[in-house]
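Only one structure is covered here, and it is reproduced in the block below.
Throughout, read-outs are computed from the coordinates displayed, never taken from laboratory work. No experiment lies behind these values; they were computed from the predicted model shown. Here the Cβ is made from the backbone with ideal geometry for all residues, glycine too, and neighbour counts use every protein chain on show.
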Amino acid sequence: MKLGIYPGSFNPPHKGHKKVCDYLIKERIIDKIIIVPTMNYWNKNNLSNLEDRINMLKYYESDNISIDIENNHLPYTIELMEKLENKYLNDELYLIIGADNIINFDKWKDYQKLLKYKIIIMNRNNININEYLYKYPNNKFIIINNFSCIDISSTNIRNKINTKYLDYNVLKYIKKRGLYENL
């Protein structure tokens with residue numbers, strides 16, 4: 001099975017995140033996705049607690065999308081990929097990242113080891129992905145250019161909490177828990 005690993009802060013999870021998952025599955029690029037919400041390793045501002053982000057992501061679960069609640073403590077993507085590789089021995093792992101991540105990918109811990117996996121790059125913000133790929137000879141990147149993403153960041157969504165970019169259940173959860181009110 002082609003298993004997509006989709007790590008991120010998901011603060012909050014929005015329709016763009018779900019659209020990425022749905023697209024990759026519908027287009028049969030991968031068979032199943034594991035979303036891995038990460039802890040606050042880089043001291044991001046206004047990051048809601050992990051339990052809330054996991055609870056919001058639960059609304060996205062389906063037969064093809066699951067939420068990882070065991071590996072959120074791993075601070076580096078390579079640690080996550082290696083741990084999941086040992087768990088899913090018979091599956092082919094694909095790392096899912098946004099195009100904005102390829103810009104500084106060579107600064108990621110042990111990024112060379114990550115290059116053994118297929119890496120799906122979702123085009124975003126009209127970034128010229130090819131401009132950055134020269135650093136990675138013999139890469140296994142799968143570039144998704146024909147994906148019409150929702151061009152908004154979680155930061156902007158936190159400033160405008162509404163159903164335009166948030167699933168109704170996620171919005172309801174945010175309001176019930178009073179998340180992002182101090183912005």
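Taking amide H as placed 1.01 Å from N in the peptide plane, I142 has its amide H under 5 Å from the amide H of I119, I120, I121, each at least 5 places away in sequence or on another chain.
Placing +1 on each Lys and Arg Cβ and -1 on each Asp and Glu Cβ, with no other charges, gives the chain a dipole about its Cα centre of roughly 440 debye. Exposure proxy for E82, E70: other Cβ atoms within 10 Å of each Cβ, ordered fewest to most, give E70, E82. Max-minus-min Cα coordinates of region 1-147 on each principal axis give 39, 34, 32 Å, with the largest extent listed first. Modelled spin-label separation between N90 and K116, with each label point placed 7 Å from Cα along the Cα-to-Cβ direction: 2.2 nm.
With 10 angstrom as the radius, rank M56, M1 by how many other C-beta atoms surround their C-beta, starting from the fewest.
If I rank by nearby Cβ atoms, fewest first, I get M1, M56.
Label positions at N146 and K172, each projected 7 Å from the Cα along the C-beta direction, are separated by 3.7 nm. Positive-end ranking of I129, Y111, V170 along the dipole of region 2-177, with charges on Cβ about the Cα centre, is headed by V170.
Over the chain, what is the relative contact order in percent, taking alpha-carbon pairs closer than 8 angstrom and at least six residues apart?
Computed over the chain, the figure is 26 percent.
Taking 0.36 nm per residue of sequence separation and removing the Cα-Cα distance, the N40/L133 pair yields an extension gain of 30.7 nm. Take the chain, connect every pair of alpha-carbon atoms lying under 10 Å apart with a spring to form a Gaussian network, then pick out the residue of D167, D63, D31 with the largest mean-square fluctuation. Highest fluctuation of the listed residues: D63. Per-residue Cβ neighbour counts within 10 Å put R28, R124 in the sequence R28, R124, beginning with the fewest.
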